[in-house]
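The values are calculated or read from the model by the stated rules, or taken from the named source; none is laboratory data. These numbers were taken from a predicted model, which means no experiment stands behind them. All Cβ positions, glycine included, derive from the backbone under ideal geometry; neighbour counts span all protein chains shown. These area figures cover heavy atoms from the full protein model, side chains too; ligands, DNA and RNA do not enter into them. Shrake-Rupley method; radii C 1.70, N 1.55, O 1.52, S 1.80 Å.
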Amino acid sequence: MGPSSDQIERQIVQMRGSMESKIVELRERGERQVRRATRTALIVAGASAALGVAVVGAFVIYRLTRPMTAGERARRLVPGDVPRGLRRVARLRDRVPPMRLYVGDRQVGEEAPTTRWERIAVRAAQAAGTAGAGAIASRLIAGLGQAARGRAQR
């Protein structure tokens, strides 16, 4: 004959006890994994947000420090729904007639470009001329002063 009902009940109670401890252990293990996964997800989300802010900030700084090109200015002025052909026509600038500007008898912009050494030589000559003129003027004034004193003594 088979096992008695008492024996079957004892085996069921033993099985429940061993299963209960395994279920508690599995539940605790699952909770630890959920906490670990949550922490990892928060770290990844924070790093992604920081990276996104850095990229956006770098782009904003790049756009603010870089001057706008002529094409970008034209695109801002012309609406997006204007056909391409009309956009090309709109991009053409009004032609300004050639103009010449004269200061004295010299045309502005037509002088030959001077080198750094030429400019230094011109400045040195100006300084020497100014110093010489100052020396001559001071001697003339001193001489006139002595002549005036000599006349006053006679």
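One table, with the values for the structure above:
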| read-out | value |
| --- | --- |
| Given (1) at pLDDT below 70; (2) in a loop (DSSP other than H, G, I, E, B); (3) surrounded by 10 or more Cβ atoms within 10 Å (Cβ to Cβ), number of the condition ARG93 does not satisfy | (3) |
| Residue within segment 102-120 that is modelled with pLDDT of 90 or more and open to solvent by less than 100 Å² (accessible area, probe 1.4 Å) present | yes |
| Scope segment 139-154; condition surrounded by 10 or more Cβ atoms within 10 Å (Cβ to Cβ) and either among the basic types (Lys, Arg) or at pLDDT 90 or above (or both); matching residues | ARG139 |
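Residues are listed down the side, and each one gets a yes or a no for (1) open to solvent by less than 60 Å² (accessible area, probe 1.4 Å); (2) among the charged types (D, E, K, R); (3) in a helix (DSSP H, G or I):
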| residue | (1), (2), (3) |
| --- | --- |
| MET19 | no, no, yes |
| LEU26 | no, no, yes |
| GLY52 | yes, no, yes |
| VAL55 | no, no, yes |
| ARG75 | no, yes, yes |
